[in-house]
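Take a look at the structure below.
The values are calculated or read from the model by the stated rules, or taken from the named source; none is laboratory data. Bear in mind the structure is a predicted one, so any value in this text is a computation, not a measurement. Cβ: placed from backbone, ideal geometry, glycine included. Neighbour counts: every protein chain shown. Heavy atoms of the whole protein, side chains included, go into the accessibility calculation; ligands, DNA and RNA do not. Shrake-Rupley method; radii C 1.70, N 1.55, O 1.52, S 1.80 Å.
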Amino acid sequence: MRDDGFQLARKRDALQLRARLIQSIRLYFINHDFLEIETPLRIPAPAPEEHIEALPSGNWFLQTSPELCMKRLLAAGYPKIFQICKCFRASERGNLHLPEFTMLEWYVAGFDYQQLMDQCEEMIVDAAGDLGFGDAINWQNRKINLTPPWERISVQETFQKFAPITLTEALSKDRFDEILVEYIEPHLGIAKPTFIYDYPAKLGALARLKESDQSVAERFELYIAGLELSNGFSELTNAQEQRQRFNEALKLRTQKNYATYQMPEKFLDSLENMPASAGIALGIDRLVMLFADAASIDEVTTFTPEDL
Amino acid sequence: MYTASDLKKGLRIKIDNDPYIVTEFNFVKPGKGQALYRCKLKNMLNGNQFERTFRSVDNFESADLREKKMQYLYKEEGKYCFMDNETYEQIYLVEDQMDDAKNFLIDNIEAEILLFEDRAIGISLPNFVDLIVTDAEPWAKGDTVSGATKPVKLQTGYTIQVPTFVNEGEKIRVDTRTGEYMTRVKG
């Protein structure tokens, strides 16, 4: 029914930008001695997380992220790896969400989350330069200055600055996500991109706790123009603790009648050998949205599920 | 009964005994967090609007609404008259109750008239309506795939963005839900 050729023709600029951005990102990692790897999209057991729903594929699942397989490679002695791949999450559809989306994920042995923030910043600044954007981008009538250093603010501070209730209260009333989305996110990454870091411990299921403050996990998120773009952390390398956290997530999932996943045993086995490291996932579609000044993820992807 | 994951633009639910329609909808979700459903709701009786964010555990009663096929007859003093072709019963809707439908209304079109406790309160048109372009700038030839658009006026007086190759006098198909151009219609 839709005038297909016309709708697709309108996306030409965004799709060209998308292709150039992906090439630029790839080049950044190759020039920094990363190995590009591919891991299976179909996996027997996704990481048990409370709020991420995997799509079944036969008896297995489509990956919700390549995290577990990439960490097994880290553990096997691949210290710097990156991957650009499709990830799948059931029932996620909105202006910023597609149930099938493109993720960039990379890991560095020996890094912690602060060093990974530095690298993320450098990679995006390089890409902006490659694409001819210089030191600023304009997104939906906002000008965001990309000149480093970017803003870094702890989750605790964002609540003090922007939220009507305290972080402790938000957590005890199970309103963390709601407060974050309603009151905090709109202020993040407005003048400059913003990293928010040190998430409450229970919100970093696979992240290492901070040595000086065990109430927080060494996890961060990058926001540009209020858009959540990237999530990274210092990796938890303690298999026993990881198993315990997975068990808790599985218990919660059972209580809420969500699909249950089997324990990713091979991942837990390999975690014993994983070096201290940090890893990060970045939504490619959303980064394209920012550079292409697109209000919706639909504008930067060839086809949405509704178009098929 | 609906759950939050059923929410979408156009869904009608009952809150405090009044029927509401979801007029704006967006799915939001912090990467590792809960799914949230941000809605703008409009009271279908008095037009009052409010915004609310729902969570996946929320559920809703469906509004007790009925739809009846009726034919559009005429407009008089700001009222739109429709008739049931079987019973010849006539009802009227006022401007506010018509919403965007007035932009796509052509004589004798069949529409679904919405009844809440047997009172006419709204209208929904077929998803696609073919309308004639009555006013358009001429086409600069050769420009068929650039994706550029221009505004044209339709027979109903509605102004719409269309590809540059659409000419005056041609018929186009419009999606009445979004008010957007779909395609040219031949003949």
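Of all the criteria given as (1) exposed (fewer than 14 other Cβ atoms within 10 Å of the Cβ); (2) out of contact with any helix residue (DSSP H, G or I) (no Cβ under 8 Å at 6 or more places or on another chain), the one not satisfied by B:Val57 is (2).
Condition check ((1) under 20 Å from the mean Cα position of the chain (by Cα); (2) over 28 Å from A:Tyr223 (Cβ atoms)) across all residues:
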residue: B:Ala4; (1), (2): no, no
residue: B:Leu7; (1), (2): yes, no
residue: B:Ile13; (1), (2): yes, yes
residue: B:Ile21; (1), (2): yes, yes
residue: B:Gln34; (1), (2): no, no
residue: B:Phe50; (1), (2): yes, no
residue: B:Val57; (1), (2): no, no
residue: B:Phe60; (1), (2): no, yes
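Restricting attention to segment A:11-58, the residues that are open to solvent by 60 Å² or more (accessible area, probe 1.4 Å), within 14 Å of chain B (Cβ to nearest Cβ) and touching a residue at least 12 places away in the same chain (Cβ under 8 Å) total 1. Just to be sure, is A:Phe233 modelled with pLDDT of 95 or more, closer than 30 Å to A:Arg142 by Cβ and more than 14 Å from chain B (Cβ to nearest Cβ)? No: the conditions fail for A:Phe233. In segment A:63-74, of all residues being touching a Pro at 6+ places or on another chain (Cβ under 8 Å) and among the aliphatic types (A, V, I, L, M), the one that is most open to solvent (accessible area, probe 1.4 Å) corresponds to A:Leu68. Cβ separations smaller than 9 Å between residues 6+ apart or across chains give the following pairs from segment B:176-187 residues that are away from every other protein chain (no Cβ under 11 Å) to residues that are hydroxyl-bearing (Ser, Thr, Tyr) and open to solvent by 30 Å² or more (accessible area, probe 1.4 Å): B:Thr176/B:Ser124; B:Arg177/B:Ser124; B:Gly179/B:Tyr158.
This table checks each residue for (1) farther than 22 Å from B:Gly169 by Cα; (2) basic (Lys, Arg); (3) touching an Asp or Glu at 6+ places or on another chain (Cβ under 9 Å); (4) surrounded by fewer than 12 Cβ atoms within 10 Å (Cβ to Cβ).
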site: B:Asn85; (1), (2), (3), (4): yes, no, yes, yes
site: B:Tyr88; (1), (2), (3), (4): yes, no, no, yes
site: B:Asp99; (1), (2), (3), (4): yes, no, no, no
site: B:Phe104; (1), (2), (3), (4): no, no, no, no
site: B:Asp118; (1), (2), (3), (4): yes, no, no, yes
site: B:Ile121; (1), (2), (3), (4): yes, no, no, no
site: B:Asp135; (1), (2), (3), (4): no, no, yes, no
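Note on segment A:140-174: residues that are farther than 30 Å from A:Asp293 by Cβ and open to solvent by less than 70 Å² (accessible area, probe 1.4 Å) total 7. Evaluation of A:Thr147 against the conditions (1) farther than 26 Å from A:Asp285 by Cβ; (2) outside any strand (DSSP E or B) shows that the sole unmet condition is (1).
Can you give me the number of residues within segment A:59-69 that are more than 14 Å from chain B (Cβ to nearest Cβ) and within 19 Å of the chain's Cα centre (by Cα)?
Quick first cut of segment A:59-69, residues more than 14 Å from chain B (Cβ to nearest Cβ) only: A:59-63, A:66, A:68-69.
Subset that is within 19 Å of the chain's Cα centre (by Cα): A:62-63, A:66, A:68-69.
So the count comes out to 5.
Considering only residues in segment A:86-97 that are touching a Ser or Thr at 6+ places or on another chain (Cβ under 7 Å) and open to solvent by 10 Å² or more (accessible area, probe 1.4 Å), the one that is farthest from the other protein chains (Cβ to nearest Cβ) turns out to be A:Lys86.
Among residues that are within 21 Å of the chain's Cα centre (by Cα), open to solvent by less than 30 Å² (accessible area, probe 1.4 Å) and modelled with pLDDT of 95 or more, A:Glu122 is not included. If you check every pair at least six apart or on different chains, which have Cβ atoms under 8 Å apart with a residue in segment B:9-38 that is more than 11 Å from every other protein chain (Cβ to nearest Cβ) and under 20 Å from A:Arg175 (Cα atoms) first and a residue that is open to solvent by 30 Å² or more (accessible area, probe 1.4 Å) and among the small types (Gly, Ala, Ser) second? Taking only residues 6 or more apart or on different chains, not a single pair turns up.
Restricting segment A:144-184 to residues that are of a type in the set (Ser, Thr, Tyr) and away from chain B (no Cβ under 14 Å) leaves a set whose member that is nearest to B:Gly31 (Cα to Cα) is A:Ser154. Only one of the numbered conditions (1) open to solvent by 10 Å² or more (accessible area, probe 1.4 Å); (2) part of a strand (DSSP E or B) is not met by A:Ile137, and that is (1). Looking across segment A:125-159, the residues that are among the β-branched types (Val, Ile, Thr) and either under 20 Å from the mean Cα position of the chain (by Cα) or at pLDDT below 95 (or both) come down to A:Val125, A:Ile153, A:Val155, A:Thr158.
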